[in-house]
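Colleague: Sharing a structure here in structure tokens format.
Coordinate-derived values only; no laboratory data. Here the structure is a predicted model, which means the values were calculated and not measured. No Cβ is skipped: glycine too gets one built from the backbone with ideal geometry, and neighbour counts run over all protein chains shown.
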Amino acid sequence: MTRAVAVLLATLLIGGCGDRSASETAASSEHAHEEGETHGDHEEHGDEAAGEHGEHEEGGHSEALQLTAEARKNAGIVVAAVGAGSISEVIPLYGVLKPNAEAVRSVAARFPGVVRSVSAVIGQTVKSGSPMATVESNESLQVYTVTSPLDGVVTERFTNVGEQAGSTPLFTVANLSTLWAELSLFPRDRTRIRVGQTVKIRVTDSDDTITGKVVFISPLGTSASQSLTARVVVDNRDGALTPGLYVRGDVAVSQTQVPLVVPASALQELEGGTSVFVEDEDGMEPRVVKTGRTDGTAVELLEGLKAGEQVVVEGSFVLKAELGKGEAEHEH
């Protein structure tokens, strides 16, 4: 910026000297001599500034970032060529996670009696056959053990020592290795959602997604919400999901081919606008692009890139942070 100002000042001084009136040029020779020296100094300074500015322009890629192979690996940076792809039309559905009702069991006493001990507590993980309580039979006066009927987690407990055990459940055990995502489906979308379609499930306030399939669509609506229920079975063997959490399910109902697409992870908001980092022989440099349609995963590019150019598709946020750090250091 300083160099550009120097060039501008030199230009103004040169123009000012050329426009002097005849009365000014008729001034004393000593004054003219001093003016000439001053003018010469400014011209020399202007040429020097212009030369420096020219060098800056010739160098180009002033924002290009260069990282070693190790730094790229540590930052998780992945580069790929941009090209044609597809954009899906997505219908978002919202709902809640629930235990898989087909993997929930109520645990009751086999014979009426008095509860003598309770070993299971809510939240405890149990195996099929694990002891949960003991009951003294009213008829035989023998104490027998109540066990879990399946592998799972104790989700409810309805008894304590000394209470009567009858036909009502003592516990509820649920196997949470699969869950149901119960999603609200509104009538306007009913004809576009079908059993068997793939759904990307994302818990609210999380970027992690889990893929499942629609296994059931309720034939009856709910008057309170004026919606149907679309059920998706979700794999939860890693225990990352918890029943009761709100979720969003994205269902792709159609696809459109477009000339250029990039992953949504490639885009970053910079001072100049929505940008991607393009890699060439000078390094990785931000470039402003114009985007079109998106399905949340892929984004259509309308302007700013050509097919085949190398773009950072993963780890671009690291480059954004590095670029911001460099600008802050430059300002100081």
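Colleague: Past the 20 Å Cα-Cα mark, which pairs from LYS98/LYS213; LYS127/LYS213; LYS73/LYS290; LYS290/LYS320?
Modeller: Check vs 20 Å cut-off fails for LYS127/LYS213; LYS73/LYS290.
Colleague: Another question, then. In whole Hz, what ³J(HN,Hα) sequence does segment 66-74 give by Karplus (6.51, -1.76, 1.60; θ = phi - 60°), x for Gly and Pro?
Modeller: My calculation for segment 66-74 gives 10, 10, 6, 4, 5, 5, 4, 5, 5 Hz in order.
Colleague: Kindly list the residues of segment 83-110 that lie in the label zone of SER128, defined by a backbone N under 20 Å from the point 7 Å along the Cα-to-C-beta vector.
Modeller: Residues passing the 20 Å test: 100-110.
Colleague: Please give the residues of segment 287-320, grouped as numeric ranges, whose backbone N is less than 14 Å from a label point set 7 Å along the Cα-to-Cβ vector of ARG72.
Modeller: 310-316, 319
Colleague: Now, a different point. Could you rank the peptides 148-161, 169-182 by their average count of other C-beta atoms within 10 Å per residue, with the highest value first?
Modeller: Ranked by mean Cβ neighbours within 10 Å, highest first: 169-182, 148-161.
Colleague: Give me the distance in nm between label points sitting 7 Å out from Cα along the Cα-to-Cβ direction at THR294 and GLU309, one decimal.
Modeller: Here the modelled spin labels are 1.8 nm apart.
Colleague: Please list, in chain and number order, the residues 5+ apart from THR229 or on another chain whose amide H is under 5 Å from its amide H, with Hs placed from the backbone.
Modeller: Correct list: LEU185, SER218.
Colleague: Relative to 2.2 N^0.38 Å, what does the C-alpha radius of gyration of segment 102-174 come to as a ratio? Two decimals please.
Modeller: The value comes to 1.01.
Colleague: Here's something else I'd like to know. Karplus couplings for segment 151-165 from phi (6.51 cos²θ - 1.76 cosθ + 1.60, θ = phi - 60°), rounded to Hz, Gly and Pro as x?
Modeller: 6, x, 10, 6, 9, 8, 9, 10, 9, 9, 4, x, 7, 7, 9
Colleague: Given points 7 Å out from each Cα along the Cα-Cβ axis, report the LEU302 to LYS98 separation in nanometres with one decimal.
Modeller: Between LEU302 and LYS98, the simple spin-label model gives 4.3 nm.
Colleague: Further question: What residues have an amide H closer than 5 Å to that of GLU309, excluding those fewer than 5 places away on the same chain, when H is modeled at 1.01 Å from N in the peptide plane?
Modeller: Here the answer is VAL82, since their amide H atoms fall under 5 Å of that of GLU309.
Colleague: Using 0.36 nm per residue of separation minus the Cα-Cα distance, give me the extension gain between GLN257 and ARG105 in nm, one decimal.
Modeller: Length gained, GLN257 through ARG105: 49.9 nm.
Colleague: Order these peptides, 139-145, 77-83, 198-204, 218-224, by their mean beta-carbon neighbour count within 10 angstrom, highest first.
Modeller: 198-204, 77-83, 139-145, 218-224
Colleague: Roughly speaking, what is the centre-to-centre gap between segment 162-192 and segment 220-237 when only Cα atoms are used, to the nearest Å?
Modeller: With segment 162-192 and segment 220-237 each reduced to a Cα centre, they are spaced 12 Å.
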